[in-house]
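Student: Following this message is one structure expressed as structure tokens.
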Amino acid sequence: MSNQLSFDELLDYMDNQESQFVLDSVAAHGFLTATVIGLPLPNWMDALFEGHTSEIPENVIDGITRWRDSIIAELKNETPIALPFNEDAGDEEVAVDFSDDSDIVAWSIGFVDAMYGDEASDWFEDEETAEDVAVLTLPMIVLSGIDDEDPELAEMRKDEDKLAQMANSIEGNLTELFLLFHTND
């Protein structure tokens, strides 16, 4: 590909794109992470761009594919996935931003979008693992605010200490989810 984008150029494209079908780079990272650690999402690219993949430049599609491949490589190297937030989550002196405009909320929305991206790929289908999946994905679901009609989830979302605990658990939960879906134990 003669017009291959650098990673920074890809992020700039995503963060400056006016299209409603392009997630910002943080939400896209959450989406890609879910497609890698969870059940296979066969049409992940179409799900990412809400069926408008043909409107996305070829070099962006290539960049997204390479980005997803790098997340897969991190997992294969047994390296925790580098998250685009959490830099202050472990620091009790710094208040973490859990507002609707924060990176952690955007990442969680992208993750949950991929998690529910295909009805044929139900993460909760296996009765033996459904409870574990529910516990491990709870932080992303709560932080995304996707189900604020549920009074329990809405109550959790109001508790800053609980949100901080959930944010701190995401990295480990991703590893556990990957193992749950990709090993035979």
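Student: Give me the 1.4 Å probe accessible area per residue for the chain, excluding ligands and nucleic acids, in Å².
Tutor: Accessible area per residue: 56 Å².
Student: Let me ask something else. Nearest 500 deg cm²/dmol is fine: what mean residue ellipticity at 222 nm does the chain get from its DSSP H runs of n ≥ 4 alone, each adding -39,500 (n - 2.57), divided by its residue count?
Tutor: Computed ellipticity for the chain at 222 nm equals -18000 deg cm²/dmol.
Student: Now, a different point. Give the angle, between 0 and 90 degrees and rounded to the nearest 10, that separates the Cα long axis of helix 58-76 from the longest principal axis of the Cα atoms of the chain.
Tutor: The helix 58-76 is inclined about 40 degrees to the chain.
Student: What ranking of His29, His182 comes out by heavy-atom accessible area, probe 1.4 Å, highest first?
Tutor: Greatest to least solvent exposure: His182, His29.
Student: What part of the accessible area of the chain, given as a whole %, is carbon or sulfur when the probe is 1.4 angstrom? Working shown, then result.
Tutor: Details: 4630 of 10410 Å².
Carbon and sulfur: 45 percent of the exposed surface of the chain.
Student: Ok, one more. With the Cα gyration tensor of segment 96-185 giving a ≥ b ≥ c as the square roots of its eigenvalues, does the rule (a/c under 1.5 for rounded; else a/b larger than b/c for prolate; else oblate) give rounded, prolate or oblate?
Tutor: Taking the square roots of the gyration eigenvalues as a ≥ b ≥ c, segment 96-185 is prolate.
Student: Under the classification rounded if a/c is under 1.5, otherwise prolate if a/b is larger than b/c and oblate if not, where does segment 27-185 fall, given a ≥ b ≥ c as square roots of the Cα gyration tensor eigenvalues?
Tutor: Rounded.
Student: Mind running the shape call on segment 1-51? Use the C-alpha gyration tensor, a ≥ b ≥ c as the square roots of the eigenvalues: rounded below 1.5 for a/c, prolate if a/b tops b/c, oblate otherwise.
Tutor: Taking the square roots of the gyration eigenvalues as a ≥ b ≥ c, segment 1-51 is prolate.
The values are calculated or read from the model by the stated rules, or taken from the named source; none is laboratory data. Note that the structure is predicted; figures quoted are calculated from it, not measured. What goes into the accessible areas is simple: the full protein's heavy atoms, side chains included, and nothing from ligands, DNA or RNA. Shrake-Rupley method; radii C 1.70, N 1.55, O 1.52, S 1.80 Å.
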